[in-house]
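Quick notes on the structure that follows.
The values are calculated or read from the model by the stated rules, or taken from the named source; none is laboratory data. Quick caveat: nothing in here was measured; it's all calculated off a predicted structure. As a convention, Cβ positions derive from the backbone with ideal geometry for all residues, glycine included, and neighbour counts pool all protein chains shown. These accessible areas exclude ligands, DNA and RNA; they are computed on the full protein's heavy atoms, side chains included. Shrake-Rupley method; radii C 1.70, N 1.55, O 1.52, S 1.80 Å.
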Amino acid sequence: MNKVALLFPGQGSQYVGMGKVLYESFPEARETFEEANNALGFDLKKLCFEGDMEELIKTENTQPAILTASMAAFRVYMKEIGIEPAYAAGHSLGEFSALCCAGAIKFTDAVKIVRQRGKFMQQAVAVGVGGMAAVSGVSQSTIDEECSNVSKNGKLIVVSNYNSPEQIVISGHLEAVEEAGAKLKASGARVIPLKVSAPFHSPLMQPAADLLNGELCKYSYFDLSYPVLSNVTALSYQGKESIIENLTKQMVQPVRWQASMQYLQNEGVDLAIELGPQTVLRNLMKKNAPQIKTYSYDNAADIQAVKRKLLSGEQDISNGMEVITKCIAAAICTKNSNWDEQAYQKGVVEPYRKIKNLKEEILKENRQPSIEEVGQALDMLKSVLLTKMVSKEKQIEYIGQILGETKFKEIFKNPEVG
């Protein structure tokens, strides 16, 4: 069975029309965009689907737009395929998406946080003061050394992104970026200035980091449903307690994407799925860990390939396992309208963990689930739907869809709901 990682893109992957196909095809995507609109108080959906590119690329708009498109793709993936990942990782902004999809941050909180994050990043350094450039064709040590040599007399430049062995990004004062770029070109490097509004992931962003830390402290965080990698450490989060610290440090420290992908490879991940606009992370994987086959959920052919690759393995175990998997997926994807954290813990978190552990046990034993175990999964979903305040009609609809045409449809017909 494949060991799956989910990847979430960062700023730069945006385009007008992103998420529109999923929105038109799946209710989960439509609900996601509507949630974002309500949380932000403006029509983010219209900006994503038919907005002006100049407005979309504004950092304060780009960040909630990409996060929303990524969450929509995640919810569709979970509804369509339903295989929970072994790991998740997000590039810069994408780390928020990864944490959100792992249940550590509420989606409506996350879109508001990254909207503010974008504003803080834009305000931290005046336009024209900072810059960034992508460098390739020379060694990492050469780039590190040149940044160190140029950083003097009040000028600062650092490596901001270790994206792959063939792509490193430098960031800092514009004058320093231009000087280092010229010297690296003389050493045989290819240097491409980036169209960005600020020197991201450099010490110049400390004012933004301080403001973001204050913003992050306003919200609640929850246990992660599965491991998420930190851009700062290139290792898994140890718990929700480190979320604020890591996301604050990420503003001023480099994105260690190459090391993160090597970590996934070392942990035995053999399949990754990029959830969000474009295929940037899928393409980078070819440079970082080519053994990990990577697909994009923004590509129709890739989506079909993922379904063929993953669903056949799940269905081979049994129809019962299919029901359990879909119950877990529905529990994750369903919109929450209950903000009583004690009730949420008892009615959602605890029963979900129980069934998640049950599924892992069944897979480890390579057996078919019993009728009782399938019933436990359905009971879990009923508890989740009831706690999240889903209407009785919708509860019946969701459970009916999951039972579908399997042999369990007759066994569990007319299921009681809250």
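So here's what we get for this one:
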read-out: Highest-first arrangement of 122-128, 55-61, 69-75, 324-330, where packing means the average Cβ count within 10 Å; value: 69-75, 324-330, 55-61, 122-128
read-out: Counting DSSP beta bridges with both ends in the chain, the antiparallel % (nearest 5); value: 55
read-out: Inter-label distance for Gln122 and Asp210, nm, one decimal - labels placed 7 Å from Cα along Cα-to-Cβ; value: 2.2
read-out: Amide hydrogen neighbours beyond the local backbone of Arg190, cut-off 5 Å, H modeled; value: Ser136, Gly137, Val138
read-out: Additional length obtainable on full extension of the chain from Ala301 to Glu267, 0.36 nm per residue less Cα span; value: 9.5 nm
read-out: Amide H contacts under 5 Å for Gly130, placed H, 5+ residues apart; value: Leu174
read-out: Protein accessible area in segment 176-252, 1.4 Å probe - carbon and sulfur %; value: 54
read-out: Nearest-0.05 FRET efficiency for Tyr15 and Glu372, computed from C-beta distance (R0 41 Å); value: 0.25
read-out: Two-site FRET efficiency, Ser141 against Lys249, from Cβ-Cβ distance with R₀ of 22 Å, rounded to 0.05; value: 0.40
read-out: Segment 244-330: Lys pairs at Cα distance under 18 angstrom, eight or more positions apart or on different chains; value: 4
read-out: Inter-label distance, nm, simple model (7 Å from Cα along the C-beta direction), Glu50/Glu166; value: 4.0
read-out: Calculated FRET efficiency for the pair Lys364/Asn153, C-beta based, R₀ 60 Å, to 0.05; value: 0.50
read-out: Prolate/oblate/rounded label for segment 218-260 (Cα gyration tensor, a/c 1.5); value: oblate
read-out: Rel. contact order, % - alpha carbon contacts under 8 angstrom, at least six apart, the chain; value: 17
